[in-house]
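Engineer: So that we are looking at the same thing, I have put the structure below in C-alpha cells.
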Amino acid sequence: MDVTLRLAGPNDVPALETLIYESVSGLSERFYSPAQISGALANIFGVDTQLISDGTYYIAELDGQLAGSGGWSKRMTLFGGDQTKSAAPDRLLDPRTEAARIRAFYVRPQSARRGVATAILQACESAARDAGFTRIELVATLPGEPLYLARGYAKVEAMQLAIPDGEPLPAFRMIKIL
C-alpha cells in the first residue's frame with residue numbers, strides 16, 4: 001500500500017491528539033510501564049502547533065485514513081508538545097552551524113511496520129536538506145529507536161526524560177549527517 005503525505009493544518013489537531021494517544025499507548029507498552037506512558041502523555045507527548053504553523057509537520061495516510069504523523073523543525077526545541085513549552089519564543093536554528101530536529105513521530109499501532117514512519121522521515125530529511133541543514137538530530141523513545149538506527153542515525157547520548165511526580169522515560173539523543 002502506498003503512503004500518502006500532506007502537510008498538517010490547524011484543523012488536524014483533534015485527529016492528531018487521538019493519534020498521539022493511540023500511538024503512545026499501543027506502541028510503548030512493551031517498553032515502558034503504564035505509569036510512564038500516562039505521565040509522558042500528560043507531560044511530554046502532544047501536538048506541537050509550532051510545527052504545523054511552520055509548515056514542517058506531515059500527516060501520513062494509508063487508504064485515505066490517518067496512519068501517522070511526524071515532522072522536522074528549524075527551531076531550538078528538541079522534543080515535546082505544546083504543554084512542554086515556555087512562553088518564550090522558540091528561536092530559529094542556524095543551518096550552517098546547528099542541526100535540524102526530527103520531531104513528534106507517531107504511528108497508529110495497526111499501521112506500524114508498513115512504511116509510514118519511513119516515508120515521513122524521508123520527507124523530513126529532504127526538506128531539512130533543502131533548507132540548508134547538513135545535520136539532523138532527534139530524541140528517540142525506546143519504541144522508535146530501531147527505526148532511527150535502521151535509517152542511519154547514531155546514538156550520541158542516553159537520556160532520561162523527566163516526568164513530574166513520576167518515573168523518568170529512558171530515551172536517546174541521536175544524530176545523522178544529511
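Read the figures in this text as sums done on the coordinates, not as results from a lab. These figures come from a predicted structure and were not determined experimentally. Cβ coordinates were reconstructed from backbone atoms using ideal geometry, including for glycine residues, and neighbour counts include every protein chain displayed.
Engineer: Within the bounds of the range 54-73, is there any residue that is under 21 Å from Pro168 (Cβ atoms), under 16 Å from the mean Cα position of the chain (by Cα) and either buried (at least 16 other Cβ atoms within 10 Å of the Cβ) or hydroxyl-bearing (Ser, Thr, Tyr) (or both)? Write out each step before concluding.
Structural biologist: Of all residues in the range 54-73, those under 21 Å from Pro168 (Cβ atoms) come to none.
No, that holds for no residue.
Engineer: Of the residues that make up the range 136-146, is at least one assigned to a loop (DSSP other than H, G, I, E, B) and touching a Lys or Arg at 6+ places or on another chain (Cβ under 6 Å)?
Structural biologist: Filtering the range 136-146 for residues assigned to a loop (DSSP other than H, G, I, E, B) gives 142-144.
Still in the running and touching a Lys or Arg at 6+ places or on another chain (Cβ under 6 Å): none.
No, the conditions are met nowhere in the range 136-146.
Engineer: Condition check: under 15 Å from the mean Cα position of the chain (by Cα), assigned to a loop (DSSP other than H, G, I, E, B) and in contact (Cβ under 8 Å) with a residue 60 or more places away in the chain. Does Phe31 satisfy that? Before the answer, list the steps.
Structural biologist: Numbers: under 15 Å from the mean Cα position of the chain (by Cα): no; assigned to a loop (DSSP other than H, G, I, E, B): yes; in contact (Cβ under 8 Å) with a residue 60 or more places away in the chain: yes.
Answer is no for this residue.
Engineer: What residue, of Tyr58, Tyr21, is in a strand (DSSP E or B) and of a type in the set (Ser, Thr, Tyr)?
Structural biologist: Tyr58
Engineer: I'm told Ile37 meets every condition in (1) touching a Pro at 6+ places or on another chain (Cβ under 8 Å); (2) surrounded by 14 or more Cβ atoms within 10 Å (Cβ to Cβ); (3) under 20 Å from Pro146 (Cα atoms) except one. Can you identify the failing condition by its number?
Structural biologist: (1)
Engineer: I've got another one for you. Name the single residue, out of those in the range 123-153 being free of Cβ contacts under 8 Å to residues at least 12 places away in the same chain and either more than 16 Å from Phe172 (Cβ to Cβ) or among the hydroxyl-bearing types (Ser, Thr, Tyr) (or both), that is surrounded by the most Cβ atoms within 10 Å (Cβ to Cβ).
Structural biologist: Ser126
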